[in-house]
Amino acid sequence: MNKLYIITLVLMLVISACIKEDHFGLSKYGNIKMIEISNQASQAVINSDSLTATIEIPPGVETTALEVKTLKLSSFARSDINIGDVINLSNNVDINITAEDGTIYNWQIIPFIASENPPLPNGDFNIWYQTPEGYYEPGESAETTIWGTGNPGTQILGLTATTPFEIEDENYAAKMETLDNGSLAGAFGTPISAGSIFIGKFDKNAIDPSNPEAAIDFGSPFASRPKSLKFKYKYTPGPENKDKNGNILPEGDLLDIYALLEVRTDKTRRLATVWFRNGEIQNELTEKLIEFTYGELPSDAPNYMKPTDGEYVPEDAVDYILPTHITFVASSSFDGANFAGAIGSTLIIDDVELIYE
């Protein structure tokens, strides 16, 4: 099997995984795929059947002049409201989407006031939906869930590294396992797939076989100030931790679990951090409670915990400012994004919860 054939095969798999809303001729689709408004409290709930996008607004926010920050539509569709427009969300707002074939869809943006202490929806991972490809993802549907996994990328190799795990009847957790991609993938420097679960979206149109995170848009709108992060976990590291070239590393594999509160305006600034990276065997589900560190991390904190661009929320705003987004990530191999890890490393996580007191 020559290299040209292999590369062509990989490209065909990637392209086939990216096709959406296929059509012959002009597209009839006029859906809202994603919408974010300034000061939004959580991910919008989009219902393409009722043509509604329900948006949660934090208590006390002035709703009469909110800016549209993100608006993603069906391919070739256009809208009478666009990014940068200011809308009044004291009441429902009409938004008309025109499909490529000229069909007009009358959508509504529906606001409601959020709880002051919002939970993470489906943080107990009891709800999973089946994708058209046959594997399972956490949440009720792709349109409403805040959770994503790396499965859309690995399934083109026939692998699902993150799966529902039944602890007991009707009680599920998320299981993440570092898998062997096979000798062919290993020859191209992508030997393993680490199991992962995160808050955010996986964009199949942006799949890059050499960069697992290229297709992930981490984070979801969020506007509150939790004190701690609580979760249950169990972990078994695989026997041999290797880099992407197959070299055995002197240190063992480690799990990674972290959450970030961020303020995203003209740039992303870190407000708070909680991080748990550990390689000890944990055979039973064990509860872990870690406090968020608000503001700049101590100088002796590990570099991996710090923002890559060094940007924090200004010190004089740390005590009162609300975040705009929350990011959560859990992985069976801490360096899986660089294709380093131990085959067989297994992390099970359950009951992820934000604590406010």
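The values are calculated or read from the model by the stated rules, or taken from the named source; none is laboratory data. What you see is a predicted model; the values in this text were computed from it and never measured. When we count neighbours, we look across all protein chains shown, and the Cβ atoms used for this are built from the backbone with ideal geometry, even at glycine. Just the protein is used for accessible areas: all its heavy atoms, side chains included, with ligands, DNA and RNA removed. Shrake-Rupley method; radii C 1.70, N 1.55, O 1.52, S 1.80 Å.
Scanning region 130-155 for residues that are open to solvent by 40 Å² or more (accessible area, probe 1.4 Å) and of a type outside the set (A, V, I, L, M, F, W, C) gives Gln130, Pro132, Glu133, Tyr136, Glu140, Glu143, Thr144, Gln155. When you check Ile127 against the structure, is it over 30 Å from Tyr233 (Cα atoms) and not aromatic (Phe, Trp, Tyr), yes or no? So Ile127 fails the test. I'm checking my understanding of the structure. Among residues of region 319-334 that are touching an Asp or Glu at 6+ places or on another chain (Cβ under 8 Å) and among the aliphatic types (A, V, I, L, M), which one is farthest from Gly195 (Cα to Cα)? Filtering region 319-334 for residues that are touching an Asp or Glu at 6+ places or on another chain (Cβ under 8 Å) and among the aliphatic types (A, V, I, L, M), the one farthest from Gly195 (Cα to Cα) comes out as Ile326. Say we look at region 86-104 and pick out the residues that are assigned to a loop (DSSP other than H, G, I, E, B) and open to solvent by 70 Å² or more (accessible area, probe 1.4 Å); which of these is farthest from Val61 (Cα to Cα)? Selected residue: Asn92.
Checked against (1) touching a strand residue (DSSP E or B) at 6+ places or on another chain (Cβ under 6 Å); (2) open to solvent by 70 Å² or more (accessible area, probe 1.4 Å); (3) within 17 Å of Gly195 (Cα to Cα), Lys244 passes all but a single condition, namely (1).
Yes/no matrix, rows are residues, columns are (1) at pLDDT below 95; (2) buried (at least 21 other Cβ atoms within 10 Å of the Cβ); (3) among the basic types (Lys, Arg):
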residue: Phe125; (1), (2), (3): no, yes, no
residue: Trp128; (1), (2), (3): no, no, no
residue: Thr163; (1), (2), (3): no, no, no
residue: Gly189; (1), (2), (3): yes, no, no
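Residue check: is Gly158 open to solvent by less than 40 Å² (accessible area, probe 1.4 Å) and modelled with pLDDT under 95? So Gly158 does not fit the description; no.
Here Leu271 meets the list (1) open to solvent by 10 Å² or more (accessible area, probe 1.4 Å); (2) modelled with pLDDT of 95 or more almost entirely, failing just condition (1).
If you go through region 218-229 one residue at a time, do you hit one that is modelled with pLDDT under 95, assigned to a strand (DSSP E or B) and closer than 18 Å to Phe334 by Cα? Yes, region 218-229 has at least one match. A single entry from Ser345, Ser331 fulfils the requirement of being surrounded by 22 or more Cβ atoms within 10 Å (Cβ to Cβ), of a type in the set (Ser, Thr, Tyr), within 18 Å of the chain's Cα centre (by Cα) and at pLDDT 95 or above: Ser331.
Can you pull out every residue in region 289-328 that is assigned to a strand (DSSP E or B) and open to solvent by less than 70 Å² (accessible area, probe 1.4 Å)? If the condition is that a residue be assigned to a strand (DSSP E or B) and open to solvent by less than 70 Å² (accessible area, probe 1.4 Å), then Ile290, Thr293, Tyr294, Tyr312, His325, Ile326, Thr327, Phe328 are the ones that fit. Only one of the numbered conditions (1) open to solvent by 20 Å² or more (accessible area, probe 1.4 Å); (2) out of contact with any helix residue (DSSP H, G or I) (no Cβ under 8 Å at 6 or more places or on another chain) is not met by Trp107, and that is (1).
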